[in-house]
Each structure stands twice: as C-alpha cells, then as structure tokens.
1. Among the candidates A:ILE140, A:ILE102, which residue alone is aliphatic (A, V, I, L, M), in contact with a Leu (Cβ under 7 Å, 6 or more places away or on another chain) and within 23 Å of A:ALA237 (Cα to Cα)?
2. Say whether the condition of being modelled with pLDDT of 95 or more, within 20 Å of B:LYS114 (Cβ to Cβ) and not aliphatic (A, V, I, L, M) is met by at least one residue in the range B:16-26.
3. Got a sec? Which strands (runs of 3 or more DSSP E) wholly within the range B:4-69 have at least 3 residues that are in contact (Cβ under 8 Å) with a residue 12 or more places away in the chain and within 12 Å of chain A (Cβ to nearest Cβ)?
4. Is it true that B:GLY113 is touching a residue at least 24 places away in the same chain (Cβ under 8 Å), closer than 22 Å to A:THR107 by Cβ and either part of a loop (DSSP other than H, G, I, E, B) or under 14 Å from the mean Cα position of the chain (by Cα) (or both)?
5. Could you please find all residues in the range A:204-215 being outside any loop (DSSP other than H, G, I, E, B) and either in contact with a Gly (Cβ under 7 Å, 6 or more places away or on another chain) or farther than 22 Å from A:ALA265 by Cβ (or both)?
6. Between a first residue in the range A:200-211 that is touching a residue at least 12 places away in the same chain (Cβ under 8 Å) and a second residue that is of a type in the set (D, E, K, R) and in a loop (DSSP other than H, G, I, E, B), which pairs have beta carbons less than 7 Å apart while being 6 or more apart in sequence or on different chains?
7. Quick one: which of A:ARG270, A:ARG285 is assigned by TED's automatic domain parsing to the domain that holds A:CYS315 and within 29 Å of A:GLY196 (Cβ to Cβ)?
8. Can you tell me which of A:ARG56, A:ARG92 is farther than 16 Å from A:ASP36 by Cα, of a type outside the set (S, T, N, Q) and surrounded by fewer than 20 Cβ atoms within 10 Å (Cβ to Cβ)?
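The values are calculated or read from the model by the stated rules, or taken from the named source; none is laboratory data. The model shown is predicted, which means the values in this text are computed figures rather than measured ones. Here the Cβ is made from the backbone with ideal geometry for all residues, glycine too, and neighbour counts use every protein chain on show.
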Amino acid sequence: MNPFTYERAADGAAAIRLVSDNRQAKYLGGGTNLVDLMREQVERPKLLVDVTALSREIEAREDGSVLIGAGATNTAVAADRTVRERFPLLSRAILAGASGQIRNMATVAGNILQRTRCTYFYDEAARCNKREPGAGCDAIDGVNRIHAILGASPSCVATHPSDMCVALAALDAVVHVQGPGGDRTVKLVDLHRLPGGRPDIETVLDAQDLITGVELPALGFAWRATYRKVRDRASYAFALVSVAAMVDVQGGTIRDVRLALGGVAHKPWRAWKAEEALRGRLATRESFAQAAEAELADAAGLRDNAFKIELAKRCIVATLGDLIGETA
Amino acid sequence: MHYIINAQPMDVIADPRTSLLDMLRDNLGLMGTKKGCNQGACGACTVLVDGERINACLALAVQYEGREITTVEGLSGGSDALHPLQSAFIEHDGFQCGYCTPGQLCSAIGMLGKIERGVPSAVTADLSAETMALDHDELRERMSGNLCRCGAYNGIAEAITKVHAKVPA
C-alpha cells in the first residue's frame, strides 16, 4: 500500500475542498473494496477523505419516499423498518450480497461506487484497460466465467458486482450528488457507464463529486417485488445472474413492470426491452419468455460465460413466475 | 490514536496504512485475532466494534479511532472464566486446528445480537417480522462470512444453537 494521509471531513463542502485540492485524493466509505484495492496496488491514493460520518440518516418521508444517507451501512439500510415495509426489494438485494461483517462496514455510496471483481483488474501482471487505459484486456480471451454478456466492448468485459444497485435500478432510485458547483441529482440507472473505449471511467461523476444520499421515490401502488440471485454457492458469493423484478398485475394483465439484471454488464442493467415487451400483456409464461428473449437478443457470450445468456432468460421467467404465484 | 480495546483505554501510534487487524496483532500484541485471507473472504479476523462484527483486515485502524473494540481476548469480560460460547465450542467440538475460532466466536456473538434486535437475513421469509428465529438455514446464512477449513461446521453450528437457546428472550 502506498503512503497516504487520512482526513475526516467536517461536512460535504470541506470534503469536496480536500479532494479538489489533491488530484490523488479519494473519498473513503467503509473501505471494504478500496482498502483491498490499495493493498493490491490497483488504487494508490495520496489522501483519503473519510465521509462516512457525514450522512447516515434514513429519512422516512410523509409522501412515501425514503432518503438514505450515503454513509448508512448496508446493514442499517437492509434492517431499517421503513425500508423493509416500503421497499422490501432493496432489503432483499442488500441481504443477498456479501457477508454480515462486510454489510456492517460497507456504505451505500461505497456500494454504488465499488469496482468490478474481474480478476484481471486485480492482477497487476495482467493487461487491463480499466486499470491502465490502452493496456489491453486479458479477460476477453481469458478465464471469463464471471464476465459481461450485455453492453460489453472490445476494451472491457467486466461486470458491476453490486446486488443493492440492481434493486435501486428497478426502484427508479435517484442519487443525490454534491459537487464543487452545487447539488444535483442523477438517476441510478444513468450513473454508471458502459465501458466503450474508456472502461476506466465508470460513472458520470467527477472525482470531486460526493454522493450524499439515495432517494427512493414513493411507489404509487402495491407492486409485487422480489430479488433472485444465482451464484456458485448458496451464500457469500457474487451473482452470476441476478434479477430484481416488480410487477403490477391486474386481472391477469401486466399493468406495469420493472426489471433489472445484475452480474451481466458493466452497470446495473435495467431491462427496458423486456419491460416494454411485458407492459399490457397477459401475465403468462409465454409473455415472460418472449420478454426475456427480447432483452437478451443482443447478448454475447465469451469462452466461459455464454451459459449466462440462457441463465438470465430463465431467471427472468422464473422470477416473474414467482411473483404472479406460478410455481416455476 | 485512542481506542477502548477489551474495555481498556489504549493509545496507539500507527501509520494510516495499518489495518485494524495488524494494529491489534503487531502494535498491541493481541494475537488472538487471526489473519487468514487478508481480503475479507474468510472471516478469521472478525472482531466486534461497538458490538458489531467487522472484518478487521479490511478496516483501516485510523478510521476506527475512538471506538470500542472487542477481540477474542476480551470475550470473557476480564474474568478467567470462558465466555459461554467458548465453553460451548469446546463441548461441541466447534474446532479442530482452531485458527478460525476467534473469528467464529466474535462473528457469532455479533450475529446473535442481530437476531436479538430483529435484523433479517437473506433467508428470512417475512421481512416484516418483529423477532427473528435462529433455525438451521438462518444460522448457516448468517455465519457464511466465516470459513472453517477443518470443516468443523457441525460443531460450530451446535455450539451457537446451544448458546442461543440459553439466552433469555
């Protein structure tokens, strides 16, 4: 680990000032990913600005929305009574990820901004465009079982590892950002980028931008929602494929639907095509299968991960089936 | 940097790069907490911070300044007697080599606190439930962050179950 200075920011403005004054500064949340990356020499910040104490509140608002402070731990969010009652999908997704220890440490903003677990990204001896732009990618022709099947590029086939973000994508969550020029909001689905030719640029945020919270807009009616995660072991593993699904079914017809996939792309993948294919259709297995086909039509498999295309389709069908009470 | 470690106030001088795990072991000589993977995968380094379990290997010590840290050395609360969970691990053969045991113990104690406070897990059927039970699946899911390469899981699970049953509701 390279030497660095540690500062606790007194408030958001002070944090932004500290990071603006030092080009090699980074915000520090729970450290569960960043400390590991620093130990592997992938990240080499000269200054860490601890922002975990700035906003930990979980505010249950009268209008049915919830504002979660960026420094709230994953455990605090998953266990929060209002979140469990209004947005159980979010609790489910968070609880599906990591271990009890890590959820106790990890923050909401840190979860959003965590880096990929692509093994080549972590391996200094390997070529990685994300770690060293222009170096090349050893994952594309390497061991790529955990890699992307949607939205990948010749530069990068890494996936975003979060479970929480998949639920946030489905819930139309809005990320509150404080920057040098003031406050703004970014939809979670627009926050992460696809790799394109610059996989090192993972979000639309600048280095000085500080995530202060995540807003969950009120849900207009009673959605049925669930999170399904498929992984190599029953607990404490990243998703091969995960599905966050919400449906509103009236009289056997899908009035509205929201669907997001995890483990398949460089960002939490909102399944817009499947949603479009489902809206207004009968809530049947045939509709689900057609929607899954539509979403995965552009999917591309690599040597080891092509199975995830079929897996993702089946997960979509099974998860929607669960939600309408059909036994898959 | 100031800490309360196993109920004792302590001052430590350490580089910001020092993990909480290395500080406990190298700066303070508290060798009970173990270094397994050093990347948050095995749970051998689990300690309690203000009663909550964390992976000390992924924690920068400087970030936990001023907090109350409990390691395996502090579980008995300063007495010579063992913590009931330690006794139960012996009684139920909850270890072979013992390397993962300090982490298992601290993790289980933190986990039982969560059960008591009604915090759900990935296998909890009803998220709205006020109280949480510790059945077969709940225990295994909640302890999945602690690996035991000897495979003493049956004994570990029995010991935790036994101690949980004795805790007054």
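1. A:ILE140
2. Within the range B:16-26, none of the residues are modelled with pLDDT of 95 or more, within 20 Å of B:LYS114 (Cβ to Cβ) and not aliphatic (A, V, I, L, M).
3. B:46-49, B:52-55
4. yes
5. Matches in the range A:204-215: A:LEU210, A:THR212, A:GLY213, A:GLU215.
6. A:ASP200/A:LYS130; A:GLU202/A:ARG193; A:THR203/A:ARG193; A:VAL204/A:ARG193
7. It is A:ARG270.
8. After applying the criteria, what remains is A:ARG56.
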